[in-house]
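As structure tokens, the structure follows; a few thoughts come after it.
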Amino acid sequence: MNHSAPKILYTASSSAHLVSFHLPYLAALRSLGWDVTAAANGSGEDLGEGVRFLAVPFTKSFVSPRNFRAAALLARDIRKNRYDVIVTHTSLAAFFTRLGVMLAGKKHTRVVNTVHGYLFDGDSGALRRTVLLAAEKLTAGVTDDILVMNRCDEQIAKKHRLCRGNVYFIPGMGVDFSRFPPAAPEERAAARAAYSLPEDAVCLICAAEFSKRKNQTLLLQTLARLPENYYLLLPGDGALLQACKAEAETLGISSRSRFPGRLSDVRGALAAADICVSASRSEGLPFAVMEAMHTALPCVLTRVKGHEDLLEGSGAGYLVPFGDAAAFAEAVQTLGRDAA
């Protein structure tokens, strides 16, 4: 580590998240002469040359002792390295990183929290909203600035004064649209053949981690309501992947469901698709939807923050109530008639 260079600590829940979304930032910081440390759960492979990695035992259960051990580990590292800037990503890692800052004793370090969608908006349960908001308020005193991706989170951060400094609204944070032009006819034909899609298929796509929040189960329930020429392409992995495969079998739609796993490059999958869909409970500003929109795919999305920012008034598709498979299927069929 170059001790004359400014130091930055960059944290997220998993190193896979860093690899998927943050490599350009890490490379840019290195090119500007910063000493970069990335901290997350995982192996830390493929983060780029010159990036120091600190393995931190973050786990998804908020009250797990492992997360408090992670905060203590980070506190020791922060005291030792005296970072100039700490940038946090993902809700769980953001809280426990800032708890580590509190344990270390905040001095000159500037702490910036990048909000990927607060999990305590007005539609959350009262207990969940109370606990998670209290956590944010607890760490507000060591949070200098906040970056948000949608207007709802901007209003939450300002209303509850969740940082000492400024709240910055940044729409479309970090998407390289040059990689996502509309597919050429020959590219589309090859992609559809690769996924064994019939010529008359209307293909829906949702590229996301399989999780309760992303709610792929509702997309499968929607597919079961649609005609036989509708197919669903679900790139990604995650804790609920096997459960979703089992759900497809139960619903009798496994022959129309595609589970290609996590893709290093989603462009081929987008080229095969006709409609982008997302049934998420909550979003920041979803990269996958922005990428799909840039390839000219119309969208059917649940009416939640993040989705509303992208689709409201755009004419690019439909917003439907969260959890309503019938409304979802109706909107998809409306777009499907145009795609046919």
Test for Ser257: is it of a type outside the set (A, V, I, L, M, F, W, C), at pLDDT 95 or above and within 16 Å of the chain's Cα centre (by Cα): no
Close pairs from the range 44-63: first farther than 16 Å from Ser20 by Cβ, partner acidic (Asp, Glu) and not in a loop (DSSP other than H, G, I, E, B), Cβ under 9 Å, at least 6 apart: Gly50/Asp35; Arg52/Asp35; Leu54/Asp77; Val56/Asp77
Residue match in the range 109-127 (condition: without any contact (Cβ under 8 Å) to a residue 24 or more places away in the chain and in a helix (DSSP H, G or I)): yes
Test set (1) buried (at least 23 other Cβ atoms within 10 Å of the Cβ); (2) without any contact (Cβ under 8 Å) to a residue 60 or more places away in the chain - Ala140 fails condition number: (1)
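Run down Val289, Val332 and say which single residue is β-branched (Val, Ile, Thr) and more than 22 Å from Ser178 (Cα to Cα).
Going through Val289, Val332 in turn, just one is β-branched (Val, Ile, Thr) and more than 22 Å from Ser178 (Cα to Cα): Val332.
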Looking only at the range 260-272, and only at residues there that are in contact with a strand residue (DSSP E or B) (Cβ under 9 Å, 6 or more places away or on another chain) and closer than 18 Å to Leu241 by Cα, the one that is modelled with the lowest pLDDT: Val266
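What helices (runs of 4 or more DSSP H) lie completely within the range 1-97 and have 3 or more residues being modelled with pLDDT of 95 or more? Before you say what the answer is, go through the steps one by one.
Values: elements: 15-21, 23-31, 65-81.
By residue number, 23-31, 65-81.
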Matching entry among Leu297, Leu301 (being in a loop (DSSP other than H, G, I, E, B) and touching a strand residue (DSSP E or B) at 6+ places or on another chain (Cβ under 6 Å)): Leu297
Thr222 vs. criteria among the β-branched types (Val, Ile, Thr), on the phi < 0 side of the Ramachandran plot, more than 22 Å from the chain's Cα centre (by Cα) and in a helix (DSSP H, G or I): yes
Residue match in the range 275-283 (condition: of a type in the set (Asp, Glu) and surrounded by fewer than 18 Cβ atoms within 10 Å (Cβ to Cβ)): no
Total residues in the range 12-32, condition of a type in the set (A, V, I, L, M) and touching a helix residue (DSSP H, G or I) at 6+ places or on another chain (Cβ under 8 Å): 3
Given (1) under 30 Å from Ala272 (Cα atoms); (2) not in a helix (DSSP H, G or I), number of the condition Glu186 does not satisfy: (2)
Those residues of the range 203-218 which are crowded, with 22+ Cβ neighbours inside 10 Å and either of a type in the set (Asp, Glu) or in contact with a strand residue (DSSP E or B) (Cβ under 6 Å, 6 or more places away or on another chain) (or both), in sequence order: Cys203, Leu204, Ile205, Cys206
Some residue of the range 159-168 being in contact (Cβ under 8 Å) with a residue 40 or more places away in the chain, assigned to a helix (DSSP H, G or I) and farther than 30 Å from Glu291 by Cα: no
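The values are calculated or read from the model by the stated rules, or taken from the named source; none is laboratory data. Since the model is a prediction, treat every value here as computed from it, not as a measurement. When we count neighbours, we look across all protein chains shown, and the Cβ atoms used for this are built from the backbone with ideal geometry, even at glycine.
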